[in-house]
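One structure, pasted below without further comment.
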Amino acid sequence: MIGPWNAINISYKSQFIRLENLLKNNDVLLNGNVVNKTHAISQEDKKTILSIVKYLDKHSKVDMVSNWRAQGLNDLIAKLE
């Protein structure tokens with residue numbers, strides 16, 4: 001398949017949407033900024049968030065979250081690990 005919606009790009013977009021929803025549902029992504037609020041995140045959600053970020057990073061797609069305040073995301077990942 002050729003074009004922006006091939007299976008691989010759909011996978012990246014799907015993971016990005018999962019990450020965005022997890023962060024929003026845990027009040028960590030507010031108005032496009034990642035805030036440090038890890039105390040309220042369940043262990044399961046923490047594992048999933050880290051897994052998605054590592055997946056996007058492994059495939060050089062972490063730039064998908066570039067609209068979010070990068071330092072906040074880096075701080076959050078450091079606290080989750």
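Here, each number is a calculation from the coordinates, and none is a lab measurement. Just so it is clear, the structure is predicted and the values come from calculations on it, not from any experiment. Because the Cβ atoms are built from the backbone with ideal geometry, glycine has one as well, and the counts that use them run over all protein chains shown.
Return a yes/no flag: does the stretch 20-32 have any residue that is more than 16 Å from Ala78 (Cβ to Cβ), surrounded by fewer than 13 Cβ atoms within 10 Å (Cβ to Cβ) and among the basic types (Lys, Arg).
yes
Only one residue in Ser66, Ser42 is surrounded by fewer than 13 Cβ atoms within 10 Å (Cβ to Cβ) and over 12 Å from the mean Cα position of the chain (by Cα), so which one is that? Talk me through it step by step, then tell me what you get.
Numbers: Ser66 fails: over 12 Å from the mean Cα position of the chain (by Cα).
Among Ser66, Ser42, only Ser42 is surrounded by fewer than 13 Cβ atoms within 10 Å (Cβ to Cβ) and over 12 Å from the mean Cα position of the chain (by Cα).
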